[in-house]
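Below is one structure; the comments refer to it alone.
The values are calculated or read from the model by the stated rules, or taken from the named source; none is laboratory data. Owing to the predicted nature of the structure, the values given are computational and were not obtained by experimental measurement. For neighbour counting, all protein chains shown are included, and Cβ atoms are generated from backbone atoms with ideal geometry for every residue, glycine included.
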Ligand code: PBG
């Protein structure tokens, strides 16, 4: 039946009616706040120029920030570590006394009911800034057939990434989240965790992580821009949707508990396809460049920050995401209360 019998405006007439037929809900319980932790003494917070309102935190400040997140109803934080020293093997990543391990212990002790997720990757810890180890001799990259970053050796990297995940679990991480995009790392992490008695620690896999220009501000924040080349030899081509579904299905088969799509806004179709193909809990990462664009638009007086953030977070949920990682998580939780 069509117009005039059907009038879709009937159900839009009042706030209560709109609420009654609303298809998608956004709540603080869906949101995860990323935190950057570094080993500064005291309560130090070092603002990140590219991410207005976000700081690199000392462990003490991170514990405070985690408490503030919990108080606003956020269920989880996602930790990124900025180590004092970097080396070719990224050894700070799997050091039991590394920055993420220390921060995890401190946050879990102060806020036991807050879920602590840890980003598992080598890029913040390697002096070359890549997400894995470089192949010995660099022979692959010297051939004109391959990109420089095809040099990142998959299987030796996977070993260290699995070691990093176990070290995080030993420190008390509730969830580990590998973001390196090496093949086979979810299966390797699963068996390493199980081998160490961490059968109950879930894996949130960054399954469809694209080689995106939207990570720019994060790389300033984490000091993890690659020293040469880029990440296109391991992160996904932004043009590919079928491949994203294959990545998610493979990670599911290897034992992932949650699959992630990243970034979020330019990939809403991918979020939907991954949700439909896997029927698993899907996470989406509303990344640093997406946050920075909204901040810049708001600072220029062109955008209403609150309205834009709530609209985009809702759109990510509508696309199929159950969990959203966002630098706006605290703001959104506050706005949703009022
Ligand atoms: C590191 C990692 C990155 C992000 C999360 N984990 C950066 C990258 O791959 O270069 C990006 C997060 C953001 O932009 O907010 N593996």
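Observations
- Residue within segment 297-305 that is away from the ligand (no atom under 16 Å from the Cβ), touching a residue at least 60 places away in the same chain (Cβ under 8 Å) and touching a helix residue (DSSP H, G or I) at 6+ places or on another chain (Cβ under 8 Å) present: no
- Looking only at segment 47-72, and only at residues there that are within 19 Å of the chain's Cα centre (by Cα) and assigned to a helix (DSSP H, G or I), the one that is farthest from residue 30 (Cα to Cα): 62
- Answer residue from segment 260-273, given it is in contact (Cβ under 8 Å) with a residue 60 or more places away in the chain and in contact with a helix residue (DSSP H, G or I) (Cβ under 7 Å, 6 or more places away or on another chain) and is surrounded by the fewest Cβ atoms within 10 Å (Cβ to Cβ) among those: 264
- Among (1) touching a strand residue (DSSP E or B) at 6+ places or on another chain (Cβ under 6 Å); (2) closer than 22 Å to residue 129 by Cβ, the one test that residue 216 misses: (1)
- Filter result for residue 103 (closer than 24 Å to residue 172 by Cβ and out of contact with any strand residue (DSSP E or B) (no Cβ under 6 Å at 6 or more places or on another chain)): no
- Taken over segment 214-225, the criterion of being more than 8 Å from the ligand (Cβ to nearest atom) and either over 18 Å from residue 55 (Cα atoms) or at pLDDT 95 or above (or both) is satisfied by no residue.
- Residue check for residue 273: at positive phi, away from the ligand (no atom under 13 Å from the Cβ) and at pLDDT 95 or above: no
- Within segment 282-296, considering residues that are out of contact with any helix residue (DSSP H, G or I) (no Cβ under 9 Å at 6 or more places or on another chain) and under 24 Å from residue 119 (Cα atoms), the one nearest to the ligand (Cβ to nearest atom): 285
- Within segment 240-254, being more than 16 Å from the ligand (Cβ to nearest atom) and within 17 Å of the chain's Cα centre (by Cα) holds for one residue alone: 248.
- Out of 257, 331, 237, 322, one residue alone is within 23 Å of residue 70 (Cβ to Cβ), at pLDDT 95 or above, surrounded by fewer than 20 Cβ atoms within 10 Å (Cβ to Cβ) and within 16 Å of the ligand (Cβ to nearest atom). It is 331.
- Of the numbered criteria (1) away from the ligand (no atom under 11 Å from the Cβ); (2) under 12 Å from residue 262 (Cβ atoms); (3) assigned to a helix (DSSP H, G or I), the one residue 208 fails is (3).
- Looking across segment 12-39, the residues that are closer than 17 Å to residue 313 by Cβ and part of a loop (DSSP other than H, G, I, E, B) come down to 22, 23, 24, 25, 26, 27.
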